[in-house]
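Working notes, structure below.
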Amino acid sequence: MKVVILAGGKGTRLSEETNLIPKPMSLIGDMPIIYHIMQNFRYYGFNEFIVLAGYKSFKIKEFFENFYRYNSDIQINLKNKKKKILNKSTNNLNVKIIETGLDTLTGGRILRAKKYIGNGDFFLTYGDCVSDIDINKLLTFHKKNKKIATVTAVNPRTQYGSIKIKKNLVTSFKEKPYLSENLISGGFFIFKSNIFNLLKNDTTVLEKQPLEKLVYKKQLCAFIHKGFWHPMDNLRDKNNLNEMWEKNKAPWKKFFK
């Protein structure tokens, strides 16, 4: 199965970096977040990726074009200008980077890549969230329910303390709790090719009419992921993810094997 990654947006909430690079190229450790996301899928045997690029797409292309130069020892003979990779890292990722337009919306980006995605089921995720989701369990769930689409639902951790009050007295105080009653979309979708029937043009927003119509038709299932999930919406998120990585407390680090 192919893995489609939405990576064309302008990432305005992380403008400290995205004035220079697209958000999926923002670094966690010494590698961009899009590479971290790919490792999750690769760990479970899915290595064919279609990156839906737009804003500053050349930065994504440059990274993958020069991947071995960035991640291997190299030898350069300055006299004859010959280059040699000394210890080429083992990596079987197959990456297509598709130009889907600067201002195209999410559904339109998927539609533009239809000929590359083909007729089979495919994964879709965003280029700015990391997780420790078990991709095989997600796929098994999708196949079992036989619906057009499956979305991963996650419990976001609020940045605020949760307080319960009774008769003016605090009966419960929990610092940064998980809100189990407030499930949100964590991305990590699986779609059947039928989804293309609901994508009209560049202005189609996947998360609006297409998904709303699937809900109405009872064709959207939710796979509940109770593990780790973290977006990179802003600089605070980026700093949190990098701190986890540097302190070896990143739950998704297990995929880098």
Tilt of helix 135-145 relative to the longest C-alpha principal axis of the chain, in degrees (0 to 90, nearest 10)? 50
Using only Cα atoms, tell me the angle between helix 33-43 and the longest principal axis of the chain; keep it within 0 to 90° and round to the nearest 10. 90
For mean projected area of the Cα convex hull in nm², calculated from these coordinates, the label among (1) 17.4; (2) 14.7; (3) 19.5: (1)
Extension length gain for residue 10 and residue 74 (0.36 nm per residue less Cα distance), in nm, is 19.7 nm
Using the crude model of +1 on Lys and Arg Cβ and -1 on Asp and Glu Cβ, and no other charge, please compute the dipole size for the chain relative to its Cα centre, in debye to 20. 540
Most packed first (mean Cβ within 10 Å per residue), the peptides 17-29, 69-81 order as 17-29, 69-81
Cross-link table 192/226; 23/247; 200/226; 218/253, entries beyond 27 Å C-alpha to C-alpha: 200/226; 218/253
Reachable aspartates and glutamates from residue 208, Cα under 18 Å, same-chain residues fewer than 8 places away excluded? 103
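Rounded to the nearest 20 debye, what is the charge dipole size of the stretch 5-103 about its Cα centre when +1 sits on each Lys and Arg Cβ and -1 on each Asp and Glu Cβ? Intermediate results must be reported in sequence, preceding the final value.
On the way: 15 positive and 9 negative charges, 108 e Å.
The dipole magnitude comes to about 520 debye.
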Skipping prolines and chain starts, which residues have an amide H placed within reach, meaning under 5 Å, of the one on residue 74, given they are 5 or more residues away or on another chain? 86
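Computed from the coordinates by the stated procedures, all read-outs in this text should not be read as laboratory data. In this text, all values refer to a predicted model and were calculated from it rather than measured experimentally. A quick note on method: Cβ atoms are made from the backbone with ideal geometry, for glycine too, and the neighbour counts reach across all protein chains shown.
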